[in-house]
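Comments concern the structure below.
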Amino acid sequence: MVEGERWLKRAAIAGYVNAMSELGERYLDGNGLSRDREKGEEWLRNAVAANYPYAIDELGQRLLDGKGLPRDQEEGEKWLRKAAQLGYEHSMYKLGLRLLDGNGLTASPQEGRRWLRRAAAAGYVKAMSELASRLLDGRGIPKNQTDGENWLRKAVNAGDAAAACELGIRLLNGDGLKKNQQEGEKWLREAADLGDATAIDALAGKSAQGDDYPGGRDDGDMG
């Protein structure tokens, strides 16, 4: 047993819920420890029994996706909903997306929109950015430019580099927003300064191609 594993186990045995959860995940994924589904599930469920929202969410997501555990939609949904109801913002966000897109759960767009908005209103930046994109594009949510721009700017003001990049590209291309090259370039450069790879590529592409900017990031890069 390596020293790191020894200390992690000692912390888990002592009742530290974050250690229980991490130990469970490491066993399930074979990350730094020999893969052991039985031990992994036991430690993760111990953290769930201690009402640790992160572990509740993790168990729910793994059951829904069949990641390290047999897929079980009914139980997975139960735990994901519990974590969301506890106010865990990541769970609100993920539950919203799953319900909107029918990913692992039966699609329920109206409920999905409510959960995504709750996560955004709670200040979860990924939810702000995702909600903004969907509102601007009308993707699973009725299109609303004013509301979409408002949420996108909130995400930018919260320091999200990806949101700054999206805002910049949308303004430059007039994609869902009124075209504004000066402001678009400002936000694109801001995102690039923060290390956003898409913004860096867009600026590089502009330098190589002249006045045209490459299109925005793919849906799969959002959220």
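The values are calculated or read from the model by the stated rules, or taken from the named source; none is laboratory data. Bear in mind the structure is a predicted one, so any value in this text is a computation, not a measurement. Here the Cβ is made from the backbone with ideal geometry for all residues, glycine too, and neighbour counts use every protein chain on show.
Is there a residue being hydroxyl-bearing (Ser, Thr, Tyr), outside any helix (DSSP H, G or I) and more than 26 Å from Leu8 (Cβ to Cβ) anywhere in segment 27-38? Walk me through how you get there before you give the answer.
So in segment 27-38, the residues hydroxyl-bearing (Ser, Thr, Tyr) come out as 27, 34.
Going one step further and asking which of them are outside any helix (DSSP H, G or I), we end up with 34.
Okay, now just the ones that are also more than 26 Å from Leu8 (Cβ to Cβ), so none.
No, that holds for no residue.
Scanning segment 76-97 for residues that are touching a helix residue (DSSP H, G or I) at 6+ places or on another chain (Cβ under 6 Å) and crowded, with 24+ Cβ neighbours inside 10 Å gives Leu80, Ala83, Ala84, Ser91, Met92, Tyr93, Leu95, Gly96. Inclusion of Leu69 among residues that are buried (at least 22 other Cβ atoms within 10 Å of the Cβ) and aliphatic (A, V, I, L, M) is not warranted.
Residues considered: Tyr93, Tyr52. Of these, the only one that is in contact (Cβ under 8 Å) with a residue 40 or more places away in the chain and among the aromatic types (Phe, Trp, Tyr) is Tyr93. Here Glu41 meets the list (1) on the phi > 0 side of the Ramachandran plot; (2) in a helix (DSSP H, G or I) almost entirely, failing just condition (1).
For segment 64-75, indicate whether the set of residues that are touching a residue at least 24 places away in the same chain (Cβ under 8 Å), in contact with a helix residue (DSSP H, G or I) (Cβ under 9 Å, 6 or more places away or on another chain), among the polar types (S, T, N, Q) and part of a helix (DSSP H, G or I) is non-empty. Yes, segment 64-75 contains at least one residue that is touching a residue at least 24 places away in the same chain (Cβ under 8 Å), in contact with a helix residue (DSSP H, G or I) (Cβ under 9 Å, 6 or more places away or on another chain), among the polar types (S, T, N, Q) and part of a helix (DSSP H, G or I).
Residue by residue through segment 97-127, note down the ones that are of a type in the set (Val, Ile, Thr) and closer than 23 Å to Asn157 by Cβ. Break it down into steps so the answer makes sense when it comes.
First, the residues of segment 97-127 that are of a type in the set (Val, Ile, Thr): 106, 125.
Matches in segment 97-127: Val125 only.
Look at (1) buried (at least 19 other Cβ atoms within 10 Å of the Cβ); (2) outside any helix (DSSP H, G or I); (3) over 21 Å from the mean Cα position of the chain (by Cα) and you find that Asn51 fails only one, number (1). Would a scan of segment 211-222 turn up a residue that is surrounded by fewer than 22 Cβ atoms within 10 Å (Cβ to Cβ), modelled with pLDDT of 95 or more, closer than 26 Å to Gly123 by Cβ and basic (Lys, Arg)? Among the residues of segment 211-222, not one is surrounded by fewer than 22 Cβ atoms within 10 Å (Cβ to Cβ), modelled with pLDDT of 95 or more, closer than 26 Å to Gly123 by Cβ and basic (Lys, Arg), which makes the answer no.
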